[in-house]
1. If I filter segment 251-266 down to residues being touching a helix residue (DSSP H, G or I) at 6+ places or on another chain (Cβ under 8 Å) and either aromatic (Phe, Trp, Tyr) or at pLDDT below 95 (or both), which single residue comes out as nearest to Leu199 (Cα to Cα)?
2. Would segment 168-190 turn up any residue that is outside any loop (DSSP other than H, G, I, E, B), within 21 Å of Arg304 (Cα to Cα) and either in contact with a His (Cβ under 7 Å, 6 or more places away or on another chain) or not assigned by TED's automatic domain parsing to the domain that holds Ala36 (or both)?
3. Exactly one of these conditions fails for Ser166: (1) modelled with pLDDT of 95 or more; (2) small (Gly, Ala, Ser); (3) farther than 30 Å from Val4 by Cβ. Give me its number.
4. Exactly one of (1) touching a Lys or Arg at 6+ places or on another chain (Cβ under 8 Å); (2) within 24 Å of Val323 (Cα to Cα); (3) at pLDDT 95 or above; (4) not polar (S, T, N, Q) is unmet by Ala74. Its number?
5. Listed residues Asp190, Asp160; which is of a type outside the set (A, V, I, L, M) and more than 19 Å from the chain's Cα centre (by Cα)?
6. State which residue pairs qualify: first residue of a type in the set (D, E, K, R) and inside segment 171-197, second residue assigned to a loop (DSSP other than H, G, I, E, B) in any location, beta carbons under 9 Å apart, and separation of 6 or more residues or different chains.
7. For segment 53-93, give me each residue that is touching a residue at least 60 places away in the same chain (Cβ under 8 Å) and either within 13 Å of Val4 (Cα to Cα) or hydroxyl-bearing (Ser, Thr, Tyr) (or both).
8. If a residue must be within 17 Å of Asp158 (Cα to Cα) and at pLDDT 95 or above, how many such residues does segment 303-331 contain?
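The values are calculated or read from the model by the stated rules, or taken from the named source; none is laboratory data. Because the structure is a prediction, the values reported are computed rather than measured. Every residue, glycine among them, receives a Cβ derived from its backbone with ideal geometry; neighbour counts consider all protein chains shown.
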Amino acid sequence: MNGVAFEHGARAATRFLDTHRLSARTPFQTAGWWRAWIREAADAEGTTPVLVHVTRTDRPTLVVGLQLHRDAGAALLRPLSWPWADYNEVAAVDDASSTAPEPDIAGLADAIDRCQREFGARLELSNLLLGGPLLRAVSELGATPRPSDTVFRLDLTDPDIVRRVSERRDMRRKRRRIERLGTLRLTCADTAERVAARLPDFIELHTRQWGERPDTVAPFDGGVVDRTYAAIAAEPSSTARIHELWLDDTLLAGWFGFLHERTYYAYRAAYDPGHARDSPGHLLTAAMVGELASRGTDTFDLTRGAYPYKLELPSSQEPTMTVGREQPCPV
């Protein structure tokens, strides 16, 4: 038998996440990411969390995370943690007894339709994975997808790509120049405790680089952004990591990201502006690519945004998708 249920509101959604173990297609659908964002950011964003889950006896339970906005009486459903998440997709409640590999797209489409009817809301989804269950389900409802942002990925299983990134001629030259001043080393905070311990220094580094720039997205300001990152860092299931490049005891660059299902997701980077001429961010990326490849990571996902440094790398490009659907007519 099939069923659809809604967990409406922060308390109900958090209770569901606390009592179910999820498998997530990206780090932005882990229980840790959703739980931290709901606790620290949802209220500040003026939105109500809604978890829609499809229950079946013969397939895994799919979970769609949404957030409900109301403005002057109009209701709008967006992906949970929009616009913070770089990718939006479904999660699934782990069910070891299920052997069906194919997600229930028809059931998922029905759940989304019923959710829209329940709240009388328009649906607006962005940054959906190409070919993913969420895009397929909304498309089955008759919505027409269109390109959203471009994402960039490095194939770490290709030795030539790893070599081209980690041993670029200009990077070798800059590395030799900066190593005249001391010893370069790469570190990684890879547990919730270590990430939490290193996060204040990462925030301070990011503020030094971005604090006065008008194009900063969600700047650290001692408020909700800082608290949300700290909450995500404290959640073991969020798979958060902080990689750092040091010159002796001087922190040159850092990357706050996620190592999830053999893919590294590069989420937010920062470097010391005082060493800008030495390209510390590029040096950090080069060091990380070699280190991650040696540890069996398949992909370095540079996430969305066509920034110049991504275009310089031998990365593949793929669009994410946006799709909207008007409020369904009452039955």
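1. Checking each candidate, the answer is Phe256.
2. So the first thing to find is which residues in segment 168-190 are outside any loop (DSSP other than H, G, I, E, B), and the list is 169-179, 184-189.
With the extra rule that they be within 21 Å of Arg304 (Cα to Cα), the set shrinks to none.
Scanning segment 168-190, I find no residue that is outside any loop (DSSP other than H, G, I, E, B), within 21 Å of Arg304 (Cα to Cα) and either in contact with a His (Cβ under 7 Å, 6 or more places away or on another chain) or not assigned by TED's automatic domain parsing to the domain that holds Ala36 (or both), so the answer is no.
3. (1)
4. Status for Ala74: all satisfied but (3).
5. Numbers: Asp190 fails: more than 19 Å from the chain's Cα centre (by Cα).
Checking each option against the conditions leaves just Asp160.
6. These pairs meet every condition: Lys174/Ser279; Arg185/Asp248.
7. Leu62, Val64, Tyr87
8. The qualifying residues number 0.
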